[in-house]
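Only one structure is covered here, and it is reproduced in the block below.
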Amino acid sequence: MSASLHDSTQMFSAVWKLLRLRGQISFNSFKHAKKSRKFWTLIGWAGLLAFIGIIFWLSFLLLRFLRSPELPQYVGLDVSPFLQAIPTLIFSILFFGIFLTSFGVLLQALYLSGDMDFLLAAPVPIRAVFISKLLQAVLPNFGIAAIFALPVLFGLGISGGYSLAYYPLVVLVMFTLTLAAAGLSALLVMSVVRIFPARRVAEVLGFVGAMASMICSQTGNLSNSLNGSGDPSLAQANELATLVTKLNVPWLPLNWAGRGLTEIGEGRWLAGWLLLALTFGLAAAAFWIALVTAEGWYYSGWARIQVVTNKKKPTRASSSGTNKVSLAATLSQQFLPAPVRGLVKRDFLILTRDLRQVSQLVSPLIFGLLYTFMFFRNGSEPPAGRGEAPDWFMESLGALLVYGNVGMSLFVGWMLLGRLSGTAISREGKNYWLLKASPLRPAHLLAAKFIVAYLPALALGWFFLIGISLLQGISWTGFFYGLLVVAMCLAGMNGILLSLGAAGANFAWEDPRKMNSGNLGCLGTILAGLFLPLSFGLFIGPLWVVAALQIPMFYGYLTGLVLGIALSLVCAWLPLKIVEGRVAKLDEA
Amino acid sequence: MATISPLIETIDLVKKYGEKLAVDNVSIEVYGGEIFGFLGPNGAGKTTTIKMIVGLLQPSSGMVKVAGHDVQAQPLQAKSASGYVPDTPNLYAKLSGRELLSFVAELYDLDRKQAIRRIDELLRMFDLAEAADDTIDSYSHGMQQKASLAAALMHDPKVLVLDEPTVGLDPKSARLIKDILRQIADRGAAVMLSTHILEIAERMCDRIGIINKGQLVAVGTMQELRNLGQTGEASLEDIFLGLTGGAEAAEIAEILK
C-alpha cells in the first residue's frame, strides 16, 4: 500500500515537474520575444477576454429570450426540450471534437516531439510522461472548447436561475470528458502507431485533415447553392430544435453529464449527483484504461519508431530519371541551364512525394470545381440579390460574367500560385545550405522557382478555361484571347508573389503547413490581389470600350494585349530583378 | 606542399553577431595536399569560420579566398571549387540518395554521362548502393552523413571543408571517411575539417589550428605546436587544454577523484 502511494506520489511529482517545465518554456518564449510580439500577444489575450464576454452576454440574452413564457404563445414553439438538451449537445460536440482533433496533436506530442529521447532516458515514470504529454496536447483544445462552451453553459445557468453548485461542476465535467476523450484518442494513436510508422501517419493525417477541413468549409456554400436560398426559416429552426432534442435520450452516457448538471442546477440533487457519478465513473474508467495500456504500448510504439526510421523501404523503380529521356527533358535541356533544370525536376519530385504538400495543391482544384459548379448552377448570371443594386452595376456584372471563364481560371490559378509561389524559397527549409554552398546563381534559383510555381498554375488555369469555354460555347477568338490573358496574368502575379516570398523567406520550419514568408509574404498576397483585377481590367476593358464606341473588336483585342501584356511582363520580371541581390544573402544571421 | 599558393586563405576574418564577436581576426592558410584540422572548444567560432569559408555567411570584415577566388567577390567560382559537409546533414528527405547526387550534379553543371558514372562510383564507395533508390528519410544518421559527403565530392572539389565529419559514424564508416580524406588530399586537394576528437586530428591532420573565443591561438604541425608550448612530448590534448584554458578544469577533475 505504502509502495503504491509512493509510486503515485512520484508519478504526480514527475507530472508536475514536466508541466512546470512546459510552462517555463512558454513563459521564457514570451519573456525573450520582441516588444512588438509581446504587445500583440497581450492585445490578443485582451481581445480573447472581450470575445468571451461578448459570447457570454449574447448567450445570456438569447437564452433568456428562449426561456421567456411569452415565446410559445407568439411563435408556437416549445423550446424547453431544446434548452434541456443544450448541455448534452455541447458535451457531445466537446467529446467527439476533442477525440478527433486530439489524434494529430497526440501523435505529434507522444511520438514525434524532440524531447522523447531525453524524457525516456531520465528516471521518470512512463505514466508521468504519458500524462504530461496528454495534458500538453489537449489543454489548448480544451481552452478553445471552453471559450465557446462555458459562456453558453453559464448563460444557460444564469438565465435559468440554477444553483451555485452548477457552475464549478460544469468546468469539472468538461475537463473530465476532455481527459476521457483524449485518453481514448491516445489509445487510438498508440494502436495505429503499432501498425503504421508514426511519421507516415502524420503525413496522411495532414493530407486527410486539410481535405476534410476544406470540404467542411465549403459544404455550406454548396448547400446554399443547391437549396437556392440561404435564409433560415422557422421550419428549419424547428427541424434543428427537434434534432437537438433527439440527443436527450436516457441511455446515452454523454446525456448523463448534461442531464446531471441540469438536475443539480434545478435543485434535484439526488438524481443529479447519481448521473454525474455515473459520468465521472465512466470517464475515469476510460482514462484509466488508456493509462494502463499506455504503460506497455507507448514505450514499445516509441521504440518501434527508432527501428522503422532505419528500416529500408522497398526499392523504388528507378525513379531517378537518369536514363529516361522524355520530350520535356529534351526541350528543357535545350533551353534551361542545368541548375535550373535540376531544381525544377527536384521540386516536382518532392512536391508529389510529400502528402502534406499534395493536400495544399489539391485544394485549389476542389475549390475550382466547386465554384465552377456554382457558377453554372446560377446560370452564369449575376445573383439577383435583393434588388437594391443600381442597374448600371448589374449590367456591368452581367457583362463581366461573359468573361467568367477567364475569371474562374484566374481564380484557381491564383489559389495554386498562392500555395506554390509565395513559399517557393521557404520550402527549401533546413536544406537550403546545400543550395547556398553551391555555385547557384540567385537568378537561376528564382527562375527555377518561377517555373515550378507557374507551370502547374497555368496548367490548372487553362484546364478550367478549356472546360468552361467548351460548356459556354465561347468563340475561338475569345477562347485564344482567354488563354493569353490567363497565361499573362498568372505570370505577373507569380513574379509579385515569388519576389516578396523570397525576400521574406523563412527556413526554420518542421511542418510544411507552418512555413510562411512573414510580413513580406503577406504584402505579396495583397499586391497580387491588387494586380489581378488591374491586369484583367487592362485586358478586358478595351473590349468593352470598343464595343461601346462601335469600333471593330480587333482594336479592342490589340489594345488589351498591349496594355495587359506590358503590365504582366513588368510585374513578372521587375520584382524578381529587385530581390535578386537579397536572395544571395538569404539565411545569413 | 604540393602547391605554393594556398587553396584556402582567410585574411583578418571577423564575424560579429550584434555586439558579440564570434570570429576575431582569424587568418588561416590551407595548401593543396594537406589536411588541416580546426580545433576549439564549443562556441569558439569553428563553425562560423567554416561557414564563411564556404560562403554560407558573410564576414563582417576580412577576406576569404578559395582556390584563389574571393568568396564575396567571385562566389560562383569559389563555390565551384569547394565541397562542404555540415555538422548536421540536413538533406532533402523525400529524394533518394541517387536523386540527391543527380541533383547536385546538375547544380554544379556536370556532364550528364560523367555524372551518372560518378554517382555509381560514389554510392559504391560509401556503401550506399543498396539504398540508392530509397528516400533519404529512411537513412540512418550515418548513411545521411555519408550521402552528404558523397554530395560534396560529386564535382571532385579542389577544396573540401567538413564540420565534424565523423560524428555519429560507426568505426568502419569513420575509418572509410578518414581514408577517403587522405586520398583526396594526396590527389592535391586541400581538406579542412573541424573535430572534437583530438586523436583524429593528431593522426590525420598535417597541420592543426586551434581557435578559442574567436581568436586563432595556435597553428602549425604537431611538432610546431609542441615547440610553441615547450611541452616536449605532450599530446595534442595537453596542448589543446593548455591553450584553451581547459587545463585548470582537468586539474579540478583530478582533485575531485
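Read-outs throughout are calculated quantities, based only on the coordinates presented, and are distinct from any laboratory measurement. This structure is a prediction, so every number in the text was calculated from the model and none was measured. Reconstructed Cβ throughout: ideal geometry from the backbone, glycine too, with neighbour counts over all protein chains shown.
Summary table
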| item | result |
| --- | --- |
| A:TRP273/B:ARG112 FRET efficiency (R0 51 Å; Cβ-Cβ; nearest 0.05) | 0.05 |
| Distance-filtered residues of segment A:15-31 - backbone nitrogen under 12 Å, label point 7 angstrom along A:TRP45 Cα→Cβ | A:27-28, A:30-31 |
| Cβ crowding within 10 Å averaged over residues, with A:443-456, B:45-58 ranked highest first | B:45-58, A:443-456 |
| Sum of side-chain charges, B:ASN90 neighbourhood, beta-carbon under 11 Å (Lys, Arg +1; Asp, Glu -1) | -1 |
| Residue order, fewest to most beta carbons within 10 Å, for B:CYS205, A:CYS489, A:CYS522 | A:CYS522, B:CYS205, A:CYS489 |
| Burial ordering of B:GLU121, B:GLU34, fewest other beta-carbon atoms within 10 Å first | B:GLU121, B:GLU34 |
| Cβ-derived FRET efficiency at R0 56 Å, A:ALA285 paired with B:GLN58, nearest 0.05 | 0.35 |
| Bridge type composition, chain B - antiparallel percent by DSSP, nearest 5 | 55 |
| FRET efficiency, 1/(1 + (r/R0)^6) with R0 22 Å, evaluated for A:TRP57 and A:ILE147 via beta carbons | 0.95 |
| Spin-label model distance (nm) - A:PHE96 vs A:ALA122, 7 Å beyond Cα toward Cβ | 3.9 |
| Pairs of Cα atoms farther than 18 Å apart, segment A:137-199, % | 50 |
| Per-residue Cβ neighbour rank within 10 angstrom, fewest leading, A:GLU588, A:GLU70 | A:GLU70, A:GLU588 |
| Kirkwood Rh (inverse of mean 1/r, distinct Cα pairs), chain B, angstrom | 19.0 |
| A:PHE373 paired with A:ILE526, simple spin-label distance in nm, labels 7 Å along Cα-to-beta-carbon | 3.5 |
| Helix axis angle, B:112-125 relative to chain B longest principal axis, alpha carbon, degrees | 60 |
